[in-house]
1. Calculate, in nm to one decimal, what VAL139 and HIS70 gain on full extension: separation in residues at 0.36 nm each, minus their alpha carbon distance.
2. Taking a label point 7 Å from the Cα of ASN123 along the Cα→Cβ vector, which residues of the stretch 91-107 have an amide N closer than 12 Å to it?
3. List the trypsin sites (Lys or Arg not before Pro) within the stretch 70-175 that fall in a DSSP loop (any state other than H, G, I, E or B) and whose Cβ has at most 10 other Cβ atoms within 10 Å.
4. Would you calculate the separation in nanometres between label points at GLN15 and ARG111, each defined as 7 Å from the Cα along the Cα-to-beta-carbon direction?
5. On a full-extension model of 0.36 nm per residue, what is the gain between LEU152 and GLN46, subtracting their alpha-carbon distance, rounded to one decimal in nm?
6. Mind checking which of VAL135, GLY114, GLY149 is farthest towards the positive end of the stretch 103-150's charge dipole, using Cβ charges of +1 (Lys, Arg) and -1 (Asp, Glu) about the Cα centre?
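What follows is calculated from the coordinates using simple rules that are stated; it is not laboratory data. Keep in mind that this is a model prediction, so the values were computed, not measured. Glycine gets a Cβ as well: all are built from the backbone with ideal geometry, and neighbour counts include every protein chain shown.
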Amino acid sequence: MYTETTVYVPYSYWQAFFPETPNDTAMVRFNANGISDVNMLRNVAQTYFSSLMQHKDWHIEVTLMSDVLHSIQKYVDLLRHFITLIAMVSFLIGGIGIMNVMLIGAQERIREIGIKKALGAKNSTIMIEFFTEAVLMAVGGAIIGALFGILLSYNPANICTIISRNIPTLELTPV
């Protein structure tokens, strides 16, 4: 595995201590031979440049790309947890919405329920009927919503082009 390590030093400072450096040098790069050499190179660079800079306001920091990658991974994990939380809240709100629709549906169908009970239907049978209806509505809505979301996010530029070709008076130009 190859890991590239770069050390950034202000150019004016570098030229002050290393005047033989050509004028077109913009950065100094140290390459490690392997993973085991990376930490050793970090410590050597940190110690060497810290010993050169005796000014109290200056700070030497050696950053490895693996450190940057680790930081980015933390943010990605945080974003993933945040999106999961939003999805869970959305499911909860959707479930409450379905529950309200089914409650209103049951109140509107009170005569139908009464007729079923008069004909001998049990409470559990009626509950199973409403539960099945709610599950079918939820699954059907989820499938339709997912397909609609995939269609819209697939390639908006192509969708705009197709719509503008079929409706000549509408001019949509994708950017």
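1. 21.0 nm is the gain from fully extending VAL139 to HIS70.
2. Taking a point 7 Å out along Cα→Cβ of ASN123, no residue of the stretch 91-107 has its backbone N under 12 Å.
3. Passing both the DSSP loop test and the Cβ count: LYS122.
4. 9.4
5. 33.0 nm is the gain from fully extending LEU152 to GLN46.
6. Selected residue: GLY114.
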